[in-house]
Amino acid sequence: MNRLLALVRVRLLEVARDRTALVWNFVLAPVLVIGVAILMSRGQQPMFEVGVLGTQPPTQQTHAFFATEAVNFHSESDEAQAVLKLQRHRVDLLFDPRSQPARYWVNPQSNKSLVLERLLHASDAAAIAQRAEGEPLRYADWLVPGLLGVNIMFTCLFAIGHVVVRYRKSGYLKRLRGTPITAVEFVSAQLIACLILTVGLSSLIYAICKPVLHLRMEGHYLDLLIVTAFGAMSMISMGLLVSARLASEEISGGIMTLMSWPMVLLSGVFFSLDGAPAWVRSASELLPLTHLLGAARAIMIDGAGLADVSGSLVAMAGMTALFVLIGAAGFRWTQD
């Protein structure tokens with residue numbers, strides 16, 4: 001018993017002496033709790049979601065329909081994509097107040113859409129209706145890409161981050177410094193190795209889930225594989241950026257936790273961000289997981305090709321290049 005207590009005391013003293021890690025652990029939890037509370041405290045949620053074409057503000061002065069209670073109106077810039085969202089039951093009605101008379105799209109297979117049509121007719125009986133029929137998207141088809149993306153994110157961030165920090169802490173990087181290997185070569189090698197493992201593991205998980213859950217796949221598997229590789233590279237490079245100079249696994253773990261949870265909450269893993277505040281949608285565009293999930297779902301659910309998701313590919317490639325360059329430039333071989 002004395003030996004056990006002595007070991008416990010030694011470990012507690014070891015943690016207490018690492019002041020930076022101790023302070024970080026105390027800061028991390030309150031920051032996460034406050035952040036989640038701010039994001040989730042939106043008061044009473046609206047019953048209906050309506051996409052509005054155009055840039056006009058959805059006010060009662062613009063159109064009487066915008067005064068309808070229990071409805072959240074959000075802007076849609078692309079008519080074709082907005083109609084597709086209505087067919088997938090991601091929005092309940094699509095409204096275009098720019099024309100005279102106003103136009104709207106209704107999904108007759110959605111009860112909410114039919115209710116909104118009656119509410120619209122109460123304020124504008126002359127509005128012209130167009131149909132956009134479509135079966136509701138199964139939640140599994142929406143959720144599985146999100147969960148696979150989260151798995152890729154945690155694997156890339158924590159696996160590569162902890163490995164590099166451990167290498168530095170154990171002196172392995174210090175020995176490598178005596179070889180002709182450059183920081184760019186070392187960082188690139190870690191990226192490639194982790195990329196092969198991550199993409200291979202994710203492909204295996206998807207291959208198992210698809211027949212079991214009867215997942216939807218409208219696009220091409222090669223396109224999905226390429227998107228997965230781009231997303232994994234962006235998150236691996238983010239993990240390398242965090243671990244470029246740190247020598248404490250506790251601090252690196254805390255920083256990566258602080259980075260990963262906003263991505264889980266703001267990247268549309270569990271639900272669509274179509275009705276979220278504009279600042280939330282703008283912030284989500286800065287996260288690699290948002291682009292990975294958006295491109296993967298477009299391929300799997302909507303049958304998009306690489307050209308259709310080129311914007312997300314460019315964003316992920318740009319993040320990868322930026323993180324690798326910054327990480328390599330600030331890379332530290334030793335703890336000192």
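The values are calculated or read from the model by the stated rules, or taken from the named source; none is laboratory data. Nothing here was measured: the structure is a model prediction, and the numbers come from that model. Positions of Cβ are generated from backbone atoms using ideal geometry, with glycine treated the same way; all protein chains shown enter the neighbour counts.
Brief remarks on what is shown
- Scope segment 80-108; condition basic (Lys, Arg) and either touching a strand residue (DSSP E or B) at 6+ places or on another chain (Cβ under 6 Å) or over 23 Å from ASP308 (Cβ atoms) (or both); matching residues: ARG98, ARG103
- The one condition from (1) surrounded by 21 or more Cβ atoms within 10 Å (Cβ to Cβ); (2) of a type in the set (A, V, I, L, M); (3) outside any helix (DSSP H, G or I) that ILE152 does not meet is (3).
- Residue that is nearest to VAL115 (Cα to Cα) [pool: residues in segment 81-103 that are part of a helix (DSSP H, G or I) and free of Cβ contacts under 8 Å to residues at least 40 places away in the same chain]: ALA82
- Those residues of segment 114-143 which are under 34 Å from the mean Cα position of the chain (by Cα) and outside any helix (DSSP H, G or I), in sequence order: GLN130, ARG131, ALA132, GLU133, GLY134, GLU135, PRO136, LEU137, ARG138
- Residue check, LEU204 out of contact with any Ser or Thr (no Cβ under 7 Å at 6 or more places or on another chain), free of Cβ contacts under 8 Å to residues at least 12 places away in the same chain and within 30 Å of GLY303 (Cβ to Cβ): yes
- Yes/no for ALA317 being in contact (Cβ under 8 Å) with a residue 24 or more places away in the chain, exposed (fewer than 15 other Cβ atoms within 10 Å of the Cβ), assigned to a helix (DSSP H, G or I) and touching a helix residue (DSSP H, G or I) at 6+ places or on another chain (Cβ under 8 Å): yes
- The residues on offer are ALA296, ALA283, and the sole one that is in contact with a Pro (Cβ under 9 Å, 6 or more places away or on another chain), in a helix (DSSP H, G or I) and over 28 Å from GLY200 (Cβ atoms) is ALA283.
- Count - residues of segment 159-194 that are on the phi < 0 side of the Ramachandran plot, surrounded by fewer than 20 Cβ atoms within 10 Å (Cβ to Cβ) and either touching a helix residue (DSSP H, G or I) at 6+ places or on another chain (Cβ under 6 Å) or not aromatic (Phe, Trp, Tyr) (or both): 23
- Filter pass, LEU22 being exposed (fewer than 10 other Cβ atoms within 10 Å of the Cβ), modelled with pLDDT under 70 and out of contact with any strand residue (DSSP E or B) (no Cβ under 7 Å at 6 or more places or on another chain): no
- Enumeration of residues in segment 34-53 that are surrounded by fewer than 19 Cβ atoms within 10 Å (Cβ to Cβ) and either at pLDDT 80 or above or β-branched (Val, Ile, Thr) (or both): ILE34, VAL36, ILE38, MET47
- Members of segment 252-288 found to be under 30 Å from THR334 (Cβ atoms), buried (at least 21 other Cβ atoms within 10 Å of the Cβ) and either aliphatic (A, V, I, L, M) or touching a strand residue (DSSP E or B) at 6+ places or on another chain (Cβ under 6 Å) (or both), listed by number: MET256
- Residue in segment 68-80 that is of a type in the set (D, E, K, R), buried (at least 19 other Cβ atoms within 10 Å of the Cβ) and free of Cβ contacts under 8 Å to residues at least 40 places away in the same chain present: yes
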